[in-house]
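Quick notes on the structure that follows.
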Amino acid sequence: MAYIRTLSSGNFRADVRMKGIVKNKTFSSQAFAQIWADKIEHNIKTIPNLDQVQLLALSEADIDGMGGEELFKQLGVDLFALRNQTRLEAINALSKKDLLQLSPQEIECMGGAELFLQAGKRIRYKTFREVCNEYLSRWNKKDYQGQMQRIDYWCKVFGDRIMTDIDIFDLREHIDSMTDEGQRATTINRKKAVLSSVFKFALSRGYVDVNIVRNVVIDDDTKRRDRVLNDDERQRLIKACQESHWDKLYLLVLMAMTTGARKGELMNLRWGDVSFKDNTGYLGNTKNGSSRELHFAPVVMMELKRFQEVDTGLIFPSEEKPSQSMDFRKAWSKALRMADISEKDILNADSSVKLEKFTFHCLRHGFCSALSDSGKEINQIAKLAGHKSIQTTMRYIHQGRDQKRLIVDELAQAFSL
């Protein structure tokens with residue numbers, strides 16, 4: 001039955017109640033309201049009496065004119081299922097294993113992901129971007145912003161692609177283009193590691209069957225940096241740091257030289273992490289995920305006391321943004337120039353490297369090498385440097401010819417030879 005009510009605003013409201021269905025709409029005149037109500041009543045009576053052939057012959061315009069798919073559903077007519085009856089029968093005949101093995105192309109040919117979802121079937125239809133968003137939502141490690149930026153790089157490459165549609169050829173082609181652009185193997189490997197993490201996550205969630213990234217090998221023929229300062233270079237660098245326009249560069253370099261701590265670890269160090277009683281510093285969030293203690297030499301403690309603060313702020317804060325660490329690249333670069341230590345590889349006439357460039361990380365290498373030269377055990381060096389693997393420590397240790405000769409001589413004596 002239809003009811004026409006006059007509203008306070010002068011408009012007219014049409015209410016239709018038939019077969020458990022309630023419809024209402026507001027019009028500017030009583031005539032329009034009555035026409036609409038009569039039409040809805042007519043459609044409610046007509047739709048259930050249409051046979052399959054008549055229903056399939058309806059166009060989208062016809063359906064909208066008769067009240068839309070919602071009205072058909074309310075009357076027990078599922079147009080979506082009716083139109084896709086043959087496809088739904090084919091989908092329902094597939095086993096769970098068959099469904100998970102469908103390619104994106106096969107899913108599209110069988111009616112698309114929406115049809116599978118309507119049938120309540122689980123398929124691998126997620127895009128790379130959707131999986132990345134899910135991956136990041138479960139990220140509980142440090143540097144969320146950094147990981148998000150690294151993930152965004154791959155989203156620009158594979159974003160709207162279905163995960164199972166990305167194959168090893170796509171990945172190999174993109175990595176080859178990165179190489180052609182001149183990106184270093186180490187840079188590519190870092191980006192590849194992030195992509196591998198996403199695929200590992202997708203594998204754990206059942207979105208893919210294999211982590212294809214693991215099968216792509218990138219040749220890394222770059223030589224590891226093992227530049228160590230000699231005594232004269234070290235003294236020149238210390239003097240240049242003392243004269244730097246940034247008054248804490250000398251402190252920072254002293255700490256790096258005598259503790260072997262990483263640049264990021266030192267730059268994130270806070271006054272609250274330093275114990276002036278025990279001459280130590282506490283690193284609670286290191287690269288390998290474990291905490292460790294730094295032991296400061298007297299010369300470091302003297303310099304720390306010059307700047308000592310009672311709050312918990314950063315020891316090396318930015319002058320503009322104290323909540324962020326100092327960007328000391330210009331001060332470091334100037335100090336190297338003053339010390340006559342090259343920031344670039346010095347080459348021979350045949351383009352081979354005569355002398356490697358010196359980086360801030362080389363201070364860490366020098367720390368490990370100095371411990372090795374002084375006869376410290378490899379496990380001691382690993383502990384002080386914060387290495388999780390002894391293999392990592394081995395990269396920093398080099399036995400000179402005289403040391404090797406001495407070791408062999410001592411072994412011969414031990415054997416009474």
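The values are calculated or read from the model by the stated rules, or taken from the named source; none is laboratory data. Everything quoted here is computed from the prediction, not taken from an experiment. No Cβ is skipped: glycine too gets one built from the backbone with ideal geometry, and neighbour counts run over all protein chains shown.
General observations
- Failed criterion for Arg190 (all others in (1) over 18 Å from Asp209 (Cα atoms); (2) modelled with pLDDT under 75 hold): (2)
Residue by residue, here is whether (1) touching a helix residue (DSSP H, G or I) at 6+ places or on another chain (Cβ under 6 Å); (2) assigned by TED's automatic domain parsing to the domain that holds Gly264; (3) at negative phi holds:
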site: Asp143; (1), (2), (3): no, no, no
site: Ser197; (1), (2), (3): no, no, yes
site: Leu203; (1), (2), (3): no, no, yes
site: Tyr207; (1), (2), (3): yes, no, yes
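- Residue in the stretch 88-101 that is part of a loop (DSSP other than H, G, I, E, B), touching a Phe, Trp or Tyr at 6+ places or on another chain (Cβ under 8 Å) and either acidic (Asp, Glu) or modelled with pLDDT under 70 (or both) present: no
- Checked against the criteria, Gly146 counts as of a type in the set (Gly, Ala, Ser) and within 30 Å of Lys344 (Cβ to Cβ).
- Of all residues in the stretch 318-364, exactly one satisfies the criterion of being under 15 Å from Lys263 (Cβ atoms), touching a residue at least 24 places away in the same chain (Cβ under 8 Å) and charged (D, E, K, R), namely Arg364.
- Flag for Lys330 being assigned to a helix (DSSP H, G or I) and under 16 Å from Gly281 (Cα atoms): no
- Total residues in the stretch 284-308 satisfying the condition of being modelled with pLDDT of 85 or more and either assigned to a loop (DSSP other than H, G, I, E, B) or touching a Lys or Arg at 6+ places or on another chain (Cβ under 6 Å) (or both): the figure is 3.
- Among the residues of this structure, Thr312 counts as one that is more than 25 Å from Cys362 (Cβ to Cβ), outside any helix (DSSP H, G or I), among the polar types (S, T, N, Q) and at pLDDT below 90.
- Taking the stretch 128-144 as the range and being outside any helix (DSSP H, G or I) and modelled with pLDDT of 85 or more as the test, the residues that pass are Arg138, Trp139.
- Pairing residues of the stretch 11-23 that are in the same structural domain as Ala37 (by TED's automatic domain parsing) and among the small types (Gly, Ala, Ser) with residues that are part of a loop (DSSP other than H, G, I, E, B) and surrounded by 13 or more Cβ atoms within 10 Å (Cβ to Cβ), at Cβ distances under 9 Å and at least 6 apart in sequence or on separate chains, gives no pairs at all.
- Within the stretch 228-279, helices (runs of 4 or more DSSP H) holding 3 or more residues that are under 24 Å from Lys321 (Cα atoms): 249-259, 263-267
Every residue, every condition in (1) under 30 Å from Glu108 (Cα atoms); (2) of a type in the set (Ser, Thr, Tyr); (3) without any contact (Cβ under 8 Å) to a residue 24 or more places away in the chain, yes or no:
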{"residue": "Gln147", "(1), (2), (3)": "no, no, no"}
{"residue": "Lys156", "(1), (2), (3)": "yes, no, yes"}
{"residue": "Phe169", "(1), (2), (3)": "yes, no, yes"}
{"residue": "Ile175", "(1), (2), (3)": "yes, no, no"}
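- Among all positions in the stretch 78-87, there is at least one residue which is among the β-branched types (Val, Ile, Thr), at pLDDT below 80 and part of a helix (DSSP H, G or I).
- Scan of the stretch 303-333 for residues that are surrounded by 15 or more Cβ atoms within 10 Å (Cβ to Cβ), touching a helix residue (DSSP H, G or I) at 6+ places or on another chain (Cβ under 8 Å) and either outside the structural domain of Leu254 (by TED's automatic domain parsing) or not acidic (Asp, Glu) (or both), ordered by number: Leu304, Leu314, Ile315, Phe316, Ser325, Met326, Phe328, Ala331, Trp332
- Lone qualifier among Val274, Val253, Val300 - being surrounded by 19 or more Cβ atoms within 10 Å (Cβ to Cβ) and over 19 Å from Ala370 (Cβ atoms): Val274
- Cβ separations smaller than 8 Å between residues 6+ apart or across chains give the following pairs from the stretch 202-222 residues that are under 17 Å from Lys126 (Cα atoms) to residues that are at pLDDT 80 or above and among the aromatic types (Phe, Trp, Tyr): Ala202/Tyr135; Val208/Phe199; Asn211/Phe199; Ile212/Phe199.
- Test: residue in the stretch 204-212 that is modelled with pLDDT of 90 or more and out of contact with any Asp or Glu (no Cβ under 9 Å at 6 or more places or on another chain): yes
- The criterion of at least 3 residues that are touching a residue at least 24 places away in the same chain (Cβ under 8 Å), of a type in the set (Asp, Glu) and surrounded by fewer than 11 Cβ atoms within 10 Å (Cβ to Cβ) is met by none of the helices (runs of 4 or more DSSP H) wholly inside the stretch 26-76.
- Taken together, Asp350, Asp340 contain a single residue that is modelled with pLDDT of 90 or more, surrounded by fewer than 16 Cβ atoms within 10 Å (Cβ to Cβ) and part of a loop (DSSP other than H, G, I, E, B), which is Asp340.
- Residues that are part of a strand (DSSP E or B) and either buried (at least 18 other Cβ atoms within 10 Å of the Cβ) or within 54 Å of the chain's Cα centre (by Cα) (or both) within the stretch 14-25 comprise Ala14, Val16, Ile21, Val22, Lys23, Asn24, Lys25, listed in sequence order.
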